[in-house]
Amino acid sequence: QTTEGYWQGVQKAGTLRCGAAVAPPYVMRDPATGEYSGFFADLCKEFADVLKVKPEFVDTTWDNIVAGLQAGKWDLSLALNRTPTRAMAVQFSIPAMEYQISLAYNKNNPKIAAGAASVADIDKAGVTLAVMSGTAQDKAISAAVKNATVMRLPGNDETRLAVTSKRADILVDASDTNQLFTQSNPEWAVALNPTPALAKQGVAFGLPHNLSAADVEVVDIFLEEKVATGHVDELIKKAVDDVLKGAK
Amino acid sequence: MTLDFSILLRFENALLLGLWMTLKLTVICIVLGCTLGFLVGLMRTSRNLALRAASGAYVEFFRGTPVLIQLFWIFFCLPLLLGVELSNMVSGVIALTLYMGAITSETFRASLKSIGREQLDACVALGLPKRAQVVNVVLPQAVLRAIPTLLSNCVSLFKESALVSAVGMADLMFVGQNISNNTARPVEVLTVVALIYFVIAFPLTRAVSLIEGRILKKLAI
Amino acid sequence: MTTSFSLPLVKMQALHKSYGNGAIQVLKGIDIEMKPGERVVVIGPSGSGKSTLLRVMMGLEQIDSGSVNFDGKPYISSDGAGRKTQIDTNVRRSIGMVFQHYTLFPHLNVLQNLILAPCKVRGEAKAKAAARAQALLERFGLGAKSKAYPAQLSGGQKQRVAIARALMLDPKLMLFDEVTSALDPELVSEVEQVILQLAAQDMPMMIVTHDMWFAKNIASRVIFCAGGVVVEDGPPEQVLGAPREERTKEFIDRVFHIKQ
Amino acid sequence: MTTSFSLPLVKMQALHKSYGNGAIQVLKGIDIEMKPGERVVVIGPSGSGKSTLLRVMMGLEQIDSGSVNFDGKPYISSDGAGRKTQIDTNVRRSIGMVFQHYTLFPHLNVLQNLILAPCKVRGEAKAKAAARAQALLERFGLGAKSKAYPAQLSGGQKQRVAIARALMLDPKLMLFDEVTSALDPELVSEVEQVILQLAAQDMPMMIVTHDMWFAKNIASRVIFCAGGVVVEDGPPEQVLGAPREERTKEFIDRVFHIKQ
Amino acid sequence: MNYTFDFNAVTLAPLLQGLWVSLQLTAAANVIGIVFGFALALLIMSPYRVLRLPFMLFVEFFRCTPAIVQIVWIFYCVPMLFDVFLDPVTMGIMALGLNLMAFNAEAYRASIQAVPREQLDAGIALGLNPLQRVLYIVFPTAFRASIPVLLTNGIVIFQQSALVAIVAIQDLMYQGKTLATETYRPIETFTVVALIYFAVSFPITQIVGLLERRRQILVS
Ligand SMILES: Nc1ncnc2c1ncn2[C@@H]1O[C@H](COP(=O)(O)OP(=O)(O)OP(=O)(O)O)[C@@H](O)[C@H]1O
Ligand SMILES: Nc1ncnc2c1ncn2[C@@H]1O[C@H](COP(=O)(O)OP(=O)(O)OP(=O)(O)O)[C@@H](O)[C@H]1O
Ligand SMILES: [Mg+2]
Ligand SMILES: [Mg+2]
């Protein structure tokens, strides 16, 4: 035999290494135990079951989630948005879900007009937008704003900290992620889904560049079924519930 | 705003786990880094020009660039270049060991240089063989003189190790930020994290001055 | 000693030595013959090459050209063609040297300083070397100090230990380079007494000193060096008391103030 | 000088001084009277308190009890009740001191070293002070060195500059603490000649030295201190040549080797 | 190795912009560190315990905690605790400046204490009053003696300034990270960034070495 499939190699190694950067409810990390949850983490565990190997989560940041995949530090990256530029560096599975970007902010913040609805409404000089560096929302918002300042921070922790500490005015993140944030800070945090939408992209597994079409297909077929049966939606609901429960 | 440090009690284990990672990383890199530093220190005083140039370039480069960029480079570039997979832990160890090696090699070089020529003259006058000169005279003095600075280097390494959080290693700093996000209590968490670093580093710096005094007295330098 | 008395112990011939690739000529042709039992005191202005001469004798320096024979055997030689100086390390072991600045090993105690060389060079048993060392220390009034570290000793004690250390290898010639000039005036005599004690046992030695009294009392012969050559060479009464050369006289007057 | 010749220039009374809160008693009751024009050489074993005595005179040290009068005026006093020593800084300005280790200011050149005090202390004009300084330097054979930095000078030159610097304030008393003992033997005499030159102009001085020849040539009076008290005090011929006290004799023999 | 390099992807313009910010941060932090570090040194050497202790604690705290913790703390916790909002670069300068102040204060203290006692004795013997002694003897010698350490600390702060990228100040490191994620060319980008840092630091370290060697010759 000339070429052995990538996943056979993973089976030989016995562990499936998943690069994980935090973005609730997609990927969450329990600070007390260091364990991962969230629906993409769950999907990963299920894929590991299919391969009959143990999943292993490798801590990383959004900045490095593509670089780490390129560097062979893990076998797949969790919750990666499908964008053309990324596709030149790594491969993608089919999307597990669609996502869109929302803007979360402090409702007492005078810089944000009451009726703000579009990106243009908030795109003013002096307004700071916090975003996780290297994410799809980073790319999208950077392309969309002209006057506001984009503040790129390494992770979910820092972006939320920036808005909480008023270092930034608006938190640009996936709408699901932001929803969790506003729900756990109901006193002051609100979110808006800008119209027209900033980006509608699929969220998928990122896969190494050198994977063969057959290897990619393994993941695609796995996901196809999970999406079609509504299993993914169940997982999302469970993750959101977990977060909201934890916040209380 | 009102501060509430009690929420941290819930995360005692997490902080300890992060600290454990920090300490593990620090200790491993101290051992490897000192060994590397000693060898490089010897190379830098060698008569061989190539050895001297290579070791000099290594030291100057690592002392002349931010540790953060060294970490990024070793985490994401080295595996690509070498074509091998390196785990986070291995990458972290490589990066911090190279950093530690560069700074300790300077320490060893200085302590080797501080052994006066008279000591070597005395060795020759006593007819000591080369091996005894190195093993019984030069080495013990060089190590003794290097100890205080080596300890300071260890404290520096301990502090610099916090940077691995930026490449996603779950050390004390990383865990701290993680908790602060989950609890929305950054002030309390970050303050406690800073205090933990302080509580470990401060006694070490005190020890440095104590030991320095002793060694200076003993060697009457 | 096995040498017959007619043979010279040291025979230096046309020694040339420079520093910095010939930039600073320090020894410009030194010929000295020294008989066994002689105690040669070398005096001369600062920078005249006295220390260099002793260091060459000890095999610590390369030479440009010339040769030294010791005890009838060739010891140091250089053909002047830029090749490395040939030094016979076996011969070198029969010469001991004490320096101006106490060069004890600071991390070893007195006893360890004394037995390091015998154990490492001659493979002597530790216990035996320690016994010899203790005896030497007693003789020099340092019996109680064998466990002390150099930093705990006075300058005079350090120099006496340094002398004892050199004697542990039973040298056939001792070199002393201004061994008292870093000492407090009061400590000078305790060190000089020890050297005088050695002299009484006919130990051959070459001594550089600025101490007039000591020079007079220890020398069997005095050599005055200046500008890298031997200017005057003779018994102490002559060189120190009634020098024949004008340069010697001028130097003695200036440094020793004795004539005023 | 305005003082009448019968008045003492310095009058120390019952000086007591200890270090470490009384742990080390260094001066145990010193009474010395010094007449104008006298040149007092102080000798004594190491640790006997000679430097301490000079430092007290210079107002550099607190004392436990006793007093010093200078030129008829109270200068230093302490009541022994643990209160701070009273030092009259105006009187202090009429005393100059030169130390064993060259204490030139390394960041100033020779001229700047000399004019610092006159300009800052007495508010003298820079040009005038510089002219005086240059004249002094010429007198000491250092005319060409006024722009040099201390690191570029030999030890002997440094000490001569230090002496010139002290003289810039026209002191009525000069203190010299082993000013030649850190020098190469050859450089000693150039410094001693400068001090002898001052002596020829009747400058009152107190000198600590271990140089026998210098002591004999400069002293109008020699004081031997030991154990914190004055043991013997008299003309140089007596104290150095035929000491009356056993301790003085023993010390002179040991340090100066003169009798052998 | 089957990697093909493509340095064309690395556009220098944003990196140089970032370098400019890094240099500004470094320069401003150094001004703070050199000037206020000296005042701090005097405070930690004060004869009064009540004055000395809090400032010693300040110095030790900055010397014994990671710079990244300090930066993150100052960036997020200071606004939350004290309700002050300064622009990011100012905050960065503050964080780096405070850090450098602590290290420079130590350097000053060491060299002030290293002024030999004899120098002060000579000052007294020449009739200089205490203020004049400090002004004309202690300051000049101590300051000169600390120059190599101050320069070294200055370079270290230039390198530490890379940490502000983590709080999104647009310095060289930040621009490098952005470029690396935009182009997916981390090797080339990080290599160029490292070389830029090195190109700035290296000449200064050489100067420090030179100064130190010259000082040793002067002192001996
Ligand atoms: N390692 C060296 N490199 C260059 N020049 C040297 C070295 N050692 C000595 N010299 C020079 O050689 C000359 C002779 O020095 P040496 O130490 O032999 O003189 P000396 O007679 O012992 O003087 P002193 O009485 O001061 O000890 C001096 O001019 C000195 O500067
Ligand atoms: N600052 C100090 N603190 C404690 N003890 C001191 C101090 N200065 C001097 N002493 C002690 O006081 C004693 C007298 O010292 P001093 O320097 O006056 O002696 P000295 O006669 O000048 O000796 P030497 O000939 O060695 O210069 C010594 O025992 C010394 O150890
Ligand atoms: Mg010499
Ligand atoms: Mg003294």
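Of the solvent-accessible surface of segment E:12-218, computed with a 1.4 Å probe over protein heavy atoms with every protein chain present, carbon and sulfur atoms account for 72 percent. Size descriptors for segment A:95-239, from the alpha-carbon set: Rg then Dmax equal 17.1, 54 Å.
Could you give me D for chain A, from Stokes-Einstein at 10 °C and 1.306 mPa s, where the hydrodynamic radius is the Kirkwood radius over C-alpha pairs? Units µm² s⁻¹, please. Mind dumping the intermediate values first?
Values: Rh = 18.7 Å.
Value of D from the Cα-based Kirkwood radius: 85 µm²/s.
Counting Cβ atoms of other protein chains within 10 Å of each Cβ in C:102-111 and taking the mean gives 5. Each Cα pair under 8 Å and six or more residues apart adds its separation to the average, and for chain A the resulting relative contact order is 28 percent.
If Rh is defined by the Kirkwood formula over all Cα pairs and Rg also comes from Cα, what ratio Rg/Rh do you get for the protein assembly as shown? Before the final figure, lay out each step's value.
On the way: Rg = 39.1 Å, Rh = 36.0 Å.
Result for the protein assembly as shown is an Rg/Rh of 1.08.
Placing pseudo-labels 7 Å out from each Cα toward the beta carbon at D:Gln197 and E:Phe139 gives an inter-label distance of 3.5 nm.
Couplings for segment D:13-20, taken from phi via the Karplus curve 6.51 cos²θ - 1.76 cosθ + 1.60 with θ = phi - 60°, read 10, 6, 5, 10, 8, 9, 10, x Hz in order; Gly and Pro are left as x.
Roughly to the nearest percent, how much of the accessible area of segment B:1-121 is carbon and sulfur, given a 1.4 Å probe? Write down the numbers at each step before the final one.
Values: 3820 of 5540 Å².
C and S fraction of accessible area: 69 percent.
Averaged per residue, what accessible surface does chain D expose to a 1.4 Å probe, in Å²?
41
Derived from the Cα gyration tensor, the three semi-axes of the equivalent ellipsoid of segment E:12-218 are 37, 22, 11 Å, largest first. Residues whose amide H lies under 5 Å from that of D:Gly29, counting only those 5 or more places away or on a different chain, are D:Leu15, D:His16, D:Lys17; hydrogens are built 1.01 Å from N in the peptide plane. Taken per residue, the accessible surface of segment B:109-201 reaches 31 Å², heavy atoms only and a 1.4 Å probe. Here the spin labels are modelled as points 7 Å beyond Cα on the Cα-Cβ line, and at E:Phe82 and E:Phe36 they lie 0.9 nm apart.
Say we join alpha carbon atoms closer than 10 Å with springs in a Gaussian network model of chain E; which of E:Arg117, E:Arg52, E:Arg133 then has the biggest fluctuation? Result: E:Arg117 has the largest fluctuation of those listed.
At a probe of 1.4 Å, how much accessible area disappears from chains D and E on forming the pair, both sides counted, to the nearest 100 Å²? Walk me through the intermediate numbers first.
Details: alone 12190 and 13060 Å², together 23430 Å².
Summed over both sides, the interface buries about 1800 Å².
Computed from protein heavy atoms with a 1.4 Å probe, the total accessible area buried between D and C is close to 1500 Å².
Relative contact order of segment E:12-218: what whole-number percent is it, with Cα pairs under 8 angstrom and at least 6 residues apart? Across segment E:12-218, relative contact order equals 30 percent.
Averaged per residue, segment E:45-122 has 43 square angstrom of accessible surface, using a 1.4 angstrom probe with ligands and nucleic acids left out.
Using a 1.4 Å probe on protein heavy atoms, which residues of segment B:73-95 have at least 10 Å² less accessible area in the complex than alone? SASA drop of 10 Å² or more in segment B:73-95: B:Trp73, B:Phe75, B:Phe76, B:Cys77, B:Pro79, B:Leu80, B:Leu81, B:Glu85, B:Leu86, B:Asn88.
For the peptides C:32-38, D:171-177, C:11-17, A:129-135, residues were scored by their other Cβ atoms within 10 Å and the scores averaged per peptide; the highest-first order is A:129-135, D:171-177, C:11-17, C:32-38. A Gaussian network model of chain C, with springs between Cα atoms under 10 Å, assigns the largest mean-square fluctuation among C:Val40, C:Val231, C:Val179 to C:Val231.
A simple rule links phi to the HN-Hα coupling: the Karplus curve 6.51 cos²θ - 1.76 cosθ + 1.60 with θ = phi - 60°, which for segment E:156-161 gives 4, 5, 4, 6, 5, 4 Hz, with x for Gly and Pro.
Buried on complex formation within segment B:111-130 (loss of at least 20 square angstrom of accessible surface versus the isolated chain, 1.4 Å probe, ligands and nucleic acids ignored): B:Arg117, B:Glu118, B:Gln119, B:Asp121, B:Ala122, B:Val124, B:Ala125, B:Leu126, B:Gly127, B:Leu128, B:Pro129. Couplings 3J(HN,Hα) of segment D:114-121, computed from phi: 6, 8, 3, 5, x, 5, 7, 7 Hz, in residue order, whole Hz [Karplus 6.51 cos²θ - 1.76 cosθ + 1.60, θ = phi - 60°; x for Gly and Pro]. In terms of the mean number of neighbouring beta-carbon atoms within 10 Å, the peptides C:190-197, A:83-90 order highest first as C:190-197, A:83-90. Just to verify a number: FRET efficiency for A:Ala120 and A:Glu234, C-beta to C-beta distance, R0 = 41 Å, to 0.05? Step by step, r from the Cβ atoms, then E = 0.65. Computed over the alpha-carbon pairs of segment B:137-221, the distance histogram in 5 Å steps reads 3, 13, 18, 17, 13, 10, 9, 7, 5, 3, 2, 0 percent, short to long.
Association of chains B and C removes close to 1900 square angstrom of accessible area from solvent, both sides included, for a probe radius of 1.4 Å.
Tell me whether segment C:115-223 comes out rounded, prolate or oblate; compute the Cα gyration tensor, take square roots of the eigenvalues as a ≥ b ≥ c, and use a/c under 1.5 as the rounded threshold. Display every interim value, and only then the final one.
Numbers: a/c = 2.23, a/b = 1.43, b/c = 1.56.
Oblate, because a/c is 1.5 or more while a/b does not exceed b/c.
If each Cα of segment C:102-148 is one equal point scatterer, what is log10 of I(q)/I(0) from the Debye formula at q = 0.13, 0.15, 0.22, 0.26 Å⁻¹? Normalising to I(0) and taking log10 leaves -0.26, -0.35, -0.74, -0.97.
Once Rh for segment C:1-88 is found with the Kirkwood sum over Cα pairs, what is the Stokes-Einstein diffusion coefficient at 10 °C and 1.306 mPa s, in µm²/s? Before the final figure, lay out the partial values.
Working: Rh = 13.5 Å.
Rounded to a whole number, D works out at 117 µm²/s.
Only helices enter this figure: runs of n ≥ 4 DSSP H residues, each worth -39500 (n - 2.57), summed and divided by the residues of chain D, yield -10000 deg cm²/dmol at 222 nm to the nearest 500.
Got a number for carbon plus sulfur as a percent of chain C's accessible area, 1.4 Å probe? Kindly include the intermediate steps, with their values, before the conclusion.
On the way: 5180 of 10530 Å².
So the carbon and sulfur contribution to the accessible surface is 49 percent.
The mean number of partner chain beta-carbon atoms within 10 angstrom of a residue's beta-carbon across peptide E:196-208 is 3. In this simple spin-label approximation, A:Lys52 and E:Ala9 carry label points 7 Å from Cα along the Cα→Cβ vector, and these lie 3.9 nm apart.
Report the percentage of all Cα-Cα pairs in chain D whose separation exceeds 23 Å, rounded to a whole percent. Walk me through the numbers before you get to the answer.
Working: 17999 of 33670 pairs.
Percent of Cα pairs beyond 23 Å in chain D: 53.
Apply the a/c threshold of 1.5 to the C-alpha gyration tensor of chain B and tell me whether it is rounded, prolate or oblate. Oblate is the answer for chain B, as a/c is 1.5 or above yet b/c matches or exceeds a/b.
The values are calculated or read from the model by the stated rules, or taken from the named source; none is laboratory data. Not measured: the values here are computed from a predicted model. Quick reminder, even Gly has a Cβ in these numbers, built from the backbone with ideal geometry, and neighbours come from all protein chains shown. In case anyone asks, the SASA skips ligands and DNA or RNA and just uses the protein heavy atoms, side chains included. Shrake-Rupley method; radii C 1.70, N 1.55, O 1.52, S 1.80 Å.
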